[in-house]
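Here's the structure we're looking at; comments come further down.
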């Protein structure tokens, strides 16, 4: 089969490799579509070699069951679904509590095994998965379904984790209207009664936010924080979702989050929010506000995202690429030239 593989620092290639064998508890998935994420870029752009063998990329995967392991119950060849991206132990206290994204087996790093990042992924014609990670999608289009597995899942988990701050009549801020941000705007519209404000450095991204239901878009600049404070009567934004995570966006979150508000760090740009234990005056961190680094989501979150997509509440803005064009798609994503989500089709 063909597979888009990381082969070394800043190097990817489409290679011919064997179709994977499956074990008794596995499924073989014929891939229908695979989304491209900034996490893929993080791996590809590592300046050193992280393993000797090539690694097939892809953790946003939708497809059809092609083969079922001998011990698998309840799954059939021909079923259509997406793949839950964390392949966890399933038996620790976090997993049985429904917090699979912070599985104890992953240690303090809490980054469980993930296809395309630590395990062989789905930017290929076939992928082997643990049967427990398969989530049915019915007749949902593969191109729409693949980004649900991470872009929607991660946005939904961050939003659900800030639900106490998302009261009707409040204000939520989405920073960075890319693959995750444009989905977050739709989720906020679907499950809360807040006003949604989008911030981005590009007008075309703000146009996308408006199409997704944002009430207002602000082009990022020196006065963005003051604009947000003015729009909220000086109080600040009830919930800030930062899908970029660089110093500038972290600073904006600190300066604009409201007392008792929520700041959710989703982007992994290495930004430092400079939260101190000093008095809560001026641009400092306000009383009662919470900050949380939000990783992926739970299997329950993924089922919720699939349900929203099936109900027509989520529409992924995608750019379709053939598998052979995967290297070009990664380059365009690295340059910020993708509107919404890039999706590969084998």
* Structure fact -> Here the residues within segment 125-163 that are more than 14 Å from the chain's Cα centre (by Cα) and not assigned by TED's automatic domain parsing to the domain that holds residue 76 are 161, 162, 163
* Top-ranked residue of segment 258-270 - restricted to ones that are outside any strand (DSSP E or B) and in contact with a strand residue (DSSP E or B) (Cβ under 8 Å, 6 or more places away or on another chain), ranked as farthest from residue 290 (Cα to Cα) -> 267
* To do: Being over 24 Å from residue 190 (Cα atoms) and part of a loop (DSSP other than H, G, I, E, B) is the filter here, so list the residues in segment 206-231 that pass it.
  => 220, 221, 222, 223
* To do: Confirm whether residue 314 is modelled with pLDDT under 95, part of a loop (DSSP other than H, G, I, E, B) and either assigned by TED's automatic domain parsing to the domain that holds residue 90 or closer than 16 Å to residue 161 by Cα (or both).
  => no
* Considering each residue of segment 60-111, count those that are buried (at least 17 other Cβ atoms within 10 Å of the Cβ), within 15 Å of the chain's Cα centre (by Cα) and in a loop (DSSP other than H, G, I, E, B), and give that number. => 3
* To do: Write out, first by first residue and then by second, each pair whose Cβ atoms fall under 9 Å of each other, whose residues are 6+ apart or on separate chains, and whose first residue, in segment 290-312, is in contact (Cβ under 8 Å) with a residue 24 or more places away in the chain while the second is in a strand (DSSP E or B) and surrounded by fewer than 16 Cβ atoms within 10 Å (Cβ to Cβ).
  => 290/260; 306/136
* Of the numbered conditions (1) assigned to a strand (DSSP E or B); (2) farther than 28 Å from residue 113 by Cα, residue 278 fails exactly one; give the number of that condition. => (1)
* Asked: Within segment 225-244, can one find any residue that is touching a residue at least 12 places away in the same chain (Cβ under 8 Å), closer than 28 Å to residue 103 by Cα and surrounded by fewer than 19 Cβ atoms within 10 Å (Cβ to Cβ)?
  -> no
* Taking segment 138-155 only, how many residues are in a loop (DSSP other than H, G, I, E, B) and crowded, with 24+ Cβ neighbours inside 10 Å? -> 1
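Which of the residues belonging to segment 285-299 are outside any strand (DSSP E or B) and loosely packed, with under 15 Cβ neighbours inside 10 Å?
Residues satisfying the conditions are 287, 288.
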* Could you list all residues from segment 23-59 that are crowded, with 20+ Cβ neighbours inside 10 Å and in a loop (DSSP other than H, G, I, E, B)? => 37, 57, 58, 59
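The values are calculated or read from the model by the stated rules, or taken from the named source; none is laboratory data. Computed from a predicted structure; not experimentally measured. As a convention, Cβ positions derive from the backbone with ideal geometry for all residues, glycine included, and neighbour counts pool all protein chains shown.
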